[in-house]
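A short reminder: the numbers here are calculations on the coordinates, not readings from a lab. None of these values were measured; they are calculated from a predicted model. Note that each Cβ is placed from the backbone with ideal geometry, even for glycine, and that neighbours are counted across all protein chains shown.
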Amino acid sequence: MATTSFTADVVPQAPEDALFGLAAAFRRDESPNKVDLGIGAYRDNNAKPWVLPVVKQADDILRSDPNLNHEYLPIAGLAEFTSASQNLVLQGDSPAITDKRITSLQTVSGTGAVHLGALFLSKFYKPNTQRTAYFSDPTWPNHFQIFSNVGLPYKTYPYFHKETKGLDFEGMVNTIQSAEEGSIIVLHACAHNPTGVDPTQEQWKKLAELIRAKKHFPFFDTAYQGFASGDVARDAWAIRYFVEQGFELCIAQSYAKNFGLYGERAGCFHFVTSPSPDAQSTVSRVASQLAILQRSEISNPPAYGARIASKVLNDRDLFAQWEKDLKTMSGRIIEMRKALRGKLEELGTPGKWNHITEQIGMFSFTGLTEKQVDSLRETSHVYMTKNGRISMAGLNTNNVEYFAKAVDKAVREA
């Protein structure tokens, strides 16, 4: 027998994914009081997965359709889904849509959209020798892996201010200002993951001015439109503003959170070019290359999740129901923020906790240290990421007091 070509020095053992490892540890825990605040998925007040009522309606419609089949989708995906996705993120009267300056491909959720955009930029975006991508510090950890896998170097810009537990806008601006001209600036459109801290509209405007002055390339990652505030227009404001300002940019769009289609992997990638006489020609060429990249990786995207989302996005009554469902999810999370802050302040837990209600979306950066996080897991069976991020969706009226008391104990002891 020949020895392997893949010895340990060639293929070292990779570390377990931290988030999925945390989920596995939670499942093994037999404590009746255990609390899962790690996974970024919506849970109802009984800590159970919630299928949106509108998704159930759309599913019933699809299953009763006698023409439903399982044929391949086109390389770019379901056309009525990608066009509806454009309308959702940009609004139907957006100049990018009316001027036909946008091309869109259905992707394997938001992860696939980020990857497709990064791969395209790696091959074709060459404004300087470095082509460095800049991520917020902190950011969704998968950003680093995706961009490094396609050969794009990355750096970070300051984002979370540890003392105020808010946005380090000055640090963010200074780093983007000093970045080499033409850098790729990756931006979270709303409900920043993992901090829950977003720029104000005035800060977004200043960022747009700076990015334009430095000729940087904006890359928006939007995974929580409608889920953050319950208002799809409000959550898309930053992207729409940049497009109105004439930026050339990319958008990675996910339907995992706002439709609860986590396992169906429904997403969309959009490329928008700037207004110019040859804008449609640019879009046509870009679309042709994106199709080649997509074909070589997945051939064509999965159909079911896109059909569900498309059915809802293109039907007035179903869309109205979806907006109600979004308000149900975002509203419950907002109530849990208020409840957690209230209980911590009632307990007199050392520190300030106003950031819990000032942050937005699924996640909250609590400010807890790694030592305190370890203590919460060991003594109270509370599972959260080591950096102190919690999924607010994991809290409910049955466990929020238990969690608050556990935090109070951990903070006082550590």
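Taking the Cα centre as origin and putting +1 on Lys and Arg beta-carbons and -1 on Asp and Glu beta-carbons, what dipole magnitude results for region 6-143, to the nearest 20 debye?
That gives region 6-143 a dipole magnitude of about 320 debye.
How do the peptides 58-69, 188-199, 389-400 rank, highest first, by the average count of neighbouring beta carbon atoms within 10 Å per residue? Please list the in-between numbers first.
On the way: 58-69: 11.1, 188-199: 24.4, 389-400: 21.6.
Result, highest mean Cβ count within 10 Å first: 188-199, 389-400, 58-69.
Defining a contact as two alpha carbons under 8 Å apart and six or more residues distant in sequence, what relative contact order in percent does the chain show?
It rounds to 25 percent for the chain.
Taking the Cα centre of the chain as origin, work out the dipole magnitude from +1 charges on Lys and Arg Cβ and -1 charges on Asp and Glu Cβ, in debye rounded to 20.
Taking the Cα centre of the chain as origin, the dipole is about 140 debye.
Over region 1-125, what portion of Cα pair distances is larger than 17 Å, expressed as a whole percent?
Tail of P(r) above 17 Å: 79 percent of Cα pairs.
I'd like the Karplus ³J(HN,Hα) series for region 176-182: coefficients 6.51, -1.76, 1.60, θ = phi - 60°, whole numbers in Hz, and an x wherever there's a Gly or Pro.
Karplus-based 3J(HN,Hα) across region 176-182 equals 5, 5, 8, 5, 4, 3, x Hz.
Of the chain, which part is the longest with no chymotrypsin sites (Phe, Trp or Tyr not before Pro) in a loop (DSSP not H, G, I, E, B) and with at most 12 other C-beta atoms within 10 angstrom?
Longest gap between qualifying sites, sites excluded: 73-414.
Calculate the spin-label point distance for ASP317 paired with ASN33, positioning each point 7 Å from the Cα along the beta-carbon direction, and give it in nanometres.
4.9 nm
Alpha carbons only, please: Rg and Dmax for region 375-414, in angstrom.
Cα-based Rg and Dmax for region 375-414 come out at 9.8, 27 Å.
So what J values fall out for region 157-163 if you push phi through Karplus, 6.51 cos²θ - 1.76 cosθ + 1.60 with θ = phi - 60°, rounded to Hz, Gly and Pro as x?
Result, rounded to whole Hz: 10, x, 9, 8, 8, 5, 6.
³J(HN,Hα) across region 254-270 via Karplus (A = 6.51, B = -1.76, C = 1.60, θ = phi - 60°), whole Hz, x for Gly/Pro?
10, 10, 5, 7, 6, 10, x, 9, 4, x, 8, 6, 9, x, 8, 10, 10
Could you pull out every residue, at least 5 positions away or on a different chain, whose amide H is within less than 5 Å of the one on GLY166? Hs are placed 1.01 Å off N in the peptide plane, and Pro or chain starts have none.
Distant-sequence amide H within range of GLY166: HIS161.
Given the C-alpha atoms of the chain, compute the convex hull and give its volume per residue in Å³.
Output value, Cα hull per residue: 182 Å³.
For region 76-175, which GluC sites (Glu not before Pro) are both in a DSSP coil and crowded by at most 10 other Cβ atoms within 10 Å?
GLU163
Give me the extension gain from SER274 to PHE124: residue separation times 0.36 nm, minus the current Cα-Cα distance, reported in nm with one decimal. List each step's numbers first, then the result.
Numbers: separation 150, 0.36 × 150 = 54.00 nm, distance 1.64 nm.
Difference between extended and current length: 52.4 nm.
Given N residues in region 240-312, what is Rg(Cα) / (2.2 N^0.38 Å)?
1.30
Filter the trypsin sites (Lys or Arg not before Pro) in region 104-166 down to the DSSP loop ones having no more than 10 other Cβ atoms within 10 Å, then list what survives.
Numbers: sites: LYS123, ARG131, LYS155, LYS162, LYS165; in loops: ARG131, LYS162, LYS165.
Those satisfying the criteria are LYS162.
Along the charge dipole of the chain, pointing to its positive end and built from +1/-1 on Cβ of Lys, Arg, Asp and Glu, which listed residue (VAL286, LEU105, HIS115) has its Cα farthest out?
The listed residue farthest towards the positive side: HIS115.
Under 5 Å between amide hydrogens, which residues at least 5 positions from LYS214 or on another chain qualify, with H placed 1.01 Å from N in the peptide plane?
Amide H to amide H, under 5 Å and 5 or more residues apart or across chains, LYS214 pairs with nothing.
Round to the nearest 10 and give me the degree value, 0 to 90, for the angle of helix 109-124's Cα axis relative to the longest principal axis of the chain.
With both axes taken from Cα atoms, the answer is about 50 degrees.
With N residues in region 72-314, what two-decimal value do you get for its Cα radius of gyration over 2.2 N^0.38 Å?
It is 0.94.
Can you list the aspartates and glutamates whose alpha carbon is less than 15 Å from that of LYS165, not counting same-chain residues fewer than 8 positions off?
ASP137, ASP198, GLU358
Be a star and scan region 329-351 for residues whose amide nitrogen sits under 16 Å from the point 7 Å along the Cα-to-Cβ vector of TYR402.
Residues 340 qualify, since their backbone N sits under 16 Å from the label point.
Given bins 10 angstrom wide, list per bin the percent of all Cα-Cα distances in region 35-92, short to long.
For region 35-92, the pair-distance distribution reads 16, 28, 36, 18, 1.
Roughly how many debye, to the nearest 20, is the charge dipole of region 72-314 about its Cα centre, given +1 on each Lys and Arg Cβ, -1 on each Asp and Glu Cβ, and no other charges? Intermediate results must be reported in sequence, preceding the final value.
Values: 21 positive and 20 negative charges, 97 e Å.
Dipole about the Cα centre, nearest 20: 460 debye.
Take the Cβ-Cβ distance between ASN87 and LYS386 as r, set R0 to 41 Å, and report the resulting FRET efficiency rounded to the nearest 0.05.
0.55
Taking amide hydrogens as modeled 1.01 Å from N in the peptide plane, which residues meet the under 5 Å criterion relative to TYR134, leaving out close sequence neighbours?
Long-range HN contacts for TYR134: LYS155, ILE184, ILE185, VAL186.
With axes computed from alpha carbons, what is the tilt in degrees of helix 316-347 against the longest principal axis of the chain, rounded to the nearest 10 within 0 to 90?
30 degrees
Which percent, to the nearest 5, of DSSP beta bridges fully inside the chain are antiparallel?
Percent antiparallel among DSSP bridges in the chain is about 50.
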